[in-house]
1. So which of B:Arg83, B:Arg23 ends up being closer than 21 Å to B:Tyr247 by Cβ and away from every other protein chain (no Cβ under 11 Å)?
2. Considering only the stretch A:39-57, I want to know if a residue exists there that is in a loop (DSSP other than H, G, I, E, B) and hydroxyl-bearing (Ser, Thr, Tyr).
3. List every residue pair whose Cβ atoms sit under 9 Å apart, with the two residues 6 or more apart in sequence or on different chains, where the first one lies in the stretch B:67-80 and is closer than 14 Å to B:Val159 by Cα and the second, anywhere, is of a type in the set (Asp, Glu).
4. With the structure loaded, tell me whether A:Lys136 is within 24 Å of B:Leu36 (Cα to Cα), at pLDDT below 95 and touching a helix residue (DSSP H, G or I) at 6+ places or on another chain (Cβ under 9 Å) or whether it fails that test.
5. Filter the stretch A:35-73 for residues that are aliphatic (A, V, I, L, M) and either buried (at least 24 other Cβ atoms within 10 Å of the Cβ) or touching a strand residue (DSSP E or B) at 6+ places or on another chain (Cβ under 9 Å) (or both); which is nearest to A:Leu7 (Cα to Cα)?
6. Pairs only if they're at least six apart or on different chains, beta carbon under 6 angstrom, first in the stretch A:92-117 and closer than 20 Å to A:Tyr40 by Cβ, second crowded, with 19+ Cβ neighbours inside 10 Å and among the β-branched types (Val, Ile, Thr); list them, first residue then second.
7. All but one of (1) within 23 Å of B:Leu197 (Cα to Cα); (2) within 14 Å of chain B (Cβ to nearest Cβ) hold for A:Arg75, so report the exception by its number.
8. List every residue pair whose Cβ atoms lie under 8 Å apart, where the two residues are 6 or more positions apart in sequence or sit on different chains, the first residue falls within the stretch B:162-175 and is in contact (Cβ under 8 Å) with a residue 40 or more places away in the chain, and the second residue, located anywhere, is surrounded by fewer than 18 Cβ atoms within 10 Å (Cβ to Cβ).
Amino acid sequence: MDTISTLSTEVSTRSGQQVELCYHCHKCTAGCPAITAMTYGPDRLLRLIALDEQEAVLTSRDIWLCAGCFTCTARCPNDIDIAAVMDALRQVAIARGYRPGVQDALLFHRLYVDVVHMFGRSYEAGILGLYKLRAKQPLMNDMGAGLQLFLRGKVPLLPERSKDMPGVRKLFERSQR
Amino acid sequence: MSYAYYPGCSLHATGIEYDLSTRAIFNYLGLELVELEGWNCCGASSAHALDHTLGLALPARNLALAQPLGLDLVVPCAACFNRMKSVEHALQADTALKAEIEEAVGTAIDTSIPIRPVLDVLYEDCGPQWLAEQAVLRLQNLKTVPYYGCLLVRPPSVVQFDDPDAPHIMPDLLNAIGAQVMEWSYATDCCGGNLSLIDPDLTYRLVDRLVAQARQAGADTIVTACPLCQVNLEMRQAGEPRMPVFYFTELIGLALGLPEANQWWGRHLIDPRPLLKSSGLLNNAAQPKILQRA
């Protein structure tokens with residue numbers, strides 16, 4: 001069996017997208033809301049994938065700062081779903097054990113999915129609390145906003161549970177996260 | 001008329017006034033909402049970032065729950081709507097994937113159930129003209145900009161809703177209840193979504209730009225159809241004076257004269273009552289019309 005896997009083929013398998021169709025018109029990067037915080041931006045990331053610069057791509061901040069707004073996907077003249085490529089890159093980075101370029105992002109996503117596994121529903125008070133305790137950001141950031149949300153009855157202290165937890169748990173049986 | 005209803009997690013928490021106002025106007029209009037029994041979180045933006053299959057299986061299970069009801073599925077949250085449409089699109093395109101997801105969920109999945117945002121139901125099934133006739137309060141002193149954010153309109157081939165560059169449905173509904181709709185080019189720009197917690201500084205910058213542009217357009221308020229946008233726009237606004245952000249359902253409920261409306265304003269992080277007061281809309285004596293149901 002062929003064990004040589006380029007990043008491009010792995011991304012293509014996971015996302016169904018052909019990154020080599022990119023001709024670098026830059027429309028994705030021009031419209032990206034997170035570009036000011038990124039190192040490369042979407043079109044350069046696609047180039048780095050094509051060049052098989054695995055380390056640069058998979059350790060980049062960029063793949064964790066994608067907001068999933070689909071501006072790039074909607075604008076791409078070659079119909080590359082770049083947001084789907086970003087999802088695939090995060091999954092590859094996790095599968096290969098790379099330290100995420102934005103550690104708080106992976107922490108947030110994991111907490112969120114763990115909570116859904118546990119309750120079948122999001123549980124904002126729990127996610128916010130655990131995230132604040134473990135994130136790199138200063139603990140006291142957002143305490144005021146959290147309190148205001150709580151005072152307005154918008155973050156219930158106790159979690160809501162789906163009424164069919166066995167049905168929900170079943171979805172997680174083959175999860176590789 | 002009845003609809004299956006998937007509120008999603010936000011509408012039971014940070015987006016509670018979106019749920020309350022949606023239920024109130026549907027109830028008033030004689031439209032029944034049947035909440036899916038045993039619904040689960042759609043995984044929003046986190047599950048699909050970590051695990052492709054899980055990211056599809058979570059929303060797919062809710063589609064399966066809606067199947068036996070035989071009703072259109074109403075999904076108010078833009079993020080949930082986007083995930084539901086994504087799974088519908090993915091399963092229609094790929095039969096092997098469909099089999100895999102059906103096995104994970106444990107049942108066959110019908111991808112023909114109409115999945116509809118609240119905007120679509122009010123526009124298509126009620127219509128702006130009819131809503132205008134039922135309104136007892138004209139919001140002519142309220143200067144608004146309509147704000148969709150990303151997930152209701154993108155990717156266009158997947159969600160197939162309104163115009164992703166110049167959407168007209170929310171502006172048409174706001175016009176129908178007499179509100180002033182100001183021109184702006186930011187209706188489908190991103191507010192930062194779940195980056196709000198991951199990178200607060202970036203989210204403050206995105207929100208401040210939206211608020212500055214709304215102000216430049218002459219608006220006093222931004223009107224949303226997404227619970228992520230609403231909480232970001234109110235929580236990540238740094239500048240003063242702060243601009244309140246409504247759900248479109250709140251303004252429609254206000255225009256219909258629903259007494260419940262007074263219970264929504266106190267839920268906001270930015271109190272909209274001073275604006276409503278100066279617009280002559282607070283503590284009004286309007287009574288809802290007795291509806292002649294067709």
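The values are calculated or read from the model by the stated rules, or taken from the named source; none is laboratory data. Please read these numbers as outputs of a predicted model, since none were measured by experiment. Glycine gets a Cβ as well: all are built from the backbone with ideal geometry, and neighbour counts include every protein chain shown.
1. After applying the criteria, what remains is B:Arg23.
2. Yes, the stretch A:39-57 has at least one match.
3. Going by the 9 Å Cβ cut-off, the qualifying pairs are B:Val74/B:Asp120; B:Pro76/B:Asp19.
4. Here the answer is no, as A:Lys136 does not meet what is asked.
5. Looking at residues that are aliphatic (A, V, I, L, M) and either buried (at least 24 other Cβ atoms within 10 Å of the Cβ) or touching a strand residue (DSSP E or B) at 6+ places or on another chain (Cβ under 9 Å) (or both), I get A:Ile49.
6. A:Asp104/B:Ile198; A:Ala105/B:Ile198
7. Tallying (1) within 23 Å of B:Leu197 (Cα to Cα); (2) within 14 Å of chain B (Cβ to nearest Cβ), A:Arg75 fails exactly one: (1).
8. Hits for this filter: B:Asp162/B:His168; B:Asp172/B:Pro128; B:Leu173/B:Pro128; B:Asn175/B:Pro128.
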